[in-house]
1. Tell me the net charge near residue 85. Cut-off is 15 Å between Cβ atoms, residue 85 excluded, with +1 for each Lys or Arg and -1 for each Asp or Glu.
2. Using Cβ counts within 10 Å as a stand-in for footprinting exposure, how do 369, 383, 127 rank, fewest first?
3. Which aspartates and glutamates have a Cα less than 13 Å from the Cα of residue 409, not counting those fewer than 8 places away in the same chain?
4. Take the alpha-carbon centre of segment 320-353, take the same for segment 392-429, and report the distance between them in whole Å.
5. In nm, to one decimal, how far is the modelled label at residue 451 from the one at residue 355, with both set 7 Å along Cα→Cβ?
6. Could the peptides 51-57, 243-249 be put in order, highest first, of the mean number of other beta-carbon atoms found within 10 Å of their residues?
7. What is the gain in length, in nm to one decimal, between residue 159 and residue 78 on full extension, counting 0.36 nm per residue of separation less the C-alpha to C-alpha distance?
8. So if we plug the beta-carbon distance of residue 338 and residue 443 into 1/(1 + (r/R0)^6) with R0 = 45 Å, what FRET efficiency do we get, rounded to 0.05?
Amino acid sequence: MEKRGSFGSKLGIVLATAGSAVGLGNVWRFSTEVGANGGAAFILIYIACVVFLGVPLIVAEFVIGRHTHKNTADAYKELAPHSPWVLQGYLGVLTAWIILCYYSVVSGWTLKYLVSSIANQVTTVEDSAAYFIHFTSNPWMPVLYMVLVMLLSHLIIIRGVQGGIEKFSKVMMPLLLLIIAVMVVCSFSMPGTEEGLRFLLLPDFSKINPNVFLSAMGQAFFSLSVGMGCLCTYASYFTDDSKLMKTAGSVALIDTMVAIMSGFIIFPAVFSVANVAPDAGPGLVFITLPNVFQMAFADVPIVGWLFAVFFYLLLLLAALTSMISIHEPVTAFLLERFGFTRRNATRIVTAACIVVGVLCSMSFGPLSDVHIIKDMSFFESFDFLSAKILMPIGGIIVALFAGWKLDRKMVYDEITNHGTLHSWTFPIFMFLIKWVAPLAIGLIFFNELGFFK
Ligand code: PFF
């Protein structure tokens, strides 16, 4: 068995974990959800979900991972041997794999849009919707880009925890944050900024209904990467002197800031071009934005070109740092449970994801009529199953496990590093993880499934 890896520094830990959280979810999924659910009111509920549910869950996964220093499945097995809790470990691995299969498809689109914007195609096309549909419905081109990004993430994972994940995140995350900051400043200088800001900052509570709560919670879990064993696996590589609460707080803060800043990039731009609707759906960043870049900078096309190149570069970097974190829990499981080498474990995961990823990719073309869950395609079924079913269920189980099953003294020792750190956060954490998180997640989830109707 190969020697177990670990992160080399506290900064590496924060950047790698924030790299997992900050991804397509912050830009592509967040902007879609904000647009569809009415703007500022959704953002308020989203922030409440991050603070009261997301952060405690992150800490809970950190405790489980760092205490055991094992992959998710083995961590639950060690902490609760021969009990049904063990299933959560496998569920985590399964959820990560499902997400990777469709996440890589959208990551592939991002790579394609980066390449096309460099070639000055994205901001010069006549009809950006037709361009997007032409590309995604082609049976092979999106598959090719999906395979390319899978191989990129493969090459990082194969280098291990410190030499691959940490090294890559340490370079990419600062670059990503810099690009976002520059783009926010540029976006503020556009005409129509006020309307975009009003949409993002002034809540309209008439838009709120129970479904908005489930969407906000699902989005918060997806964005923070909680409930599917990814953070637990990363935490198993944390050093014993890392501070779990502080790391969780920093990751949640960075992730939320990036999501809101990307809203500040997208919506002022969207509103500056009057005929574009903010609730354009998943096509927003691939159909609407190219339009926006084109029209908003009609007088100075080179600025539109630059904006597009930076935007898709940003999206690709964000996607890659997340993809590696979804790849790792499955790889670590194969590596540690079955004794594969890292190289072979990575190969198996990459190959398995490519095979199913092809089906997800083809959901937009040749397989668009194949429905898996209700009338949803492969792609939509995978997104629905992971973000709206498996992650909330995973969230409830993690909360119950940390709040009710784990030894309270062990949790205290992990959170305070054996009493050497401040402990005032501990009772708050215990209250949130024991009561608030399971009840709130359960209520929102079962309400959505129609249990209270
Ligand atoms: N948090 C990532 C994003 O916002 O794009 C997505 C993600 C990463 C989901 C890792 C799940 C995961 F395990």
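Just so it is clear, none of the values below were taken in a lab; they were calculated from the coordinates. The structure displayed is predicted, hence computed values, not measured ones. Please note: Cβ atoms are built from the backbone with ideal geometry, for glycine as well, and neighbour counts cover all protein chains shown.
1. Result for the neighbourhood of residue 85: -1.
2. The order, fewest Cβ neighbours first, is 369, 127, 383.
3. Within reach: none.
4. Taking the Cα centre of each part, segment 320-353 and segment 392-429 sit 28 Å apart.
5. The modelled label-to-label distance comes out at 3.5 nm.
6. Highest to lowest by the protection proxy: 51-57, 243-249.
7. 26.5 nm
8. FRET efficiency, residue 338 to residue 443: 0.70.
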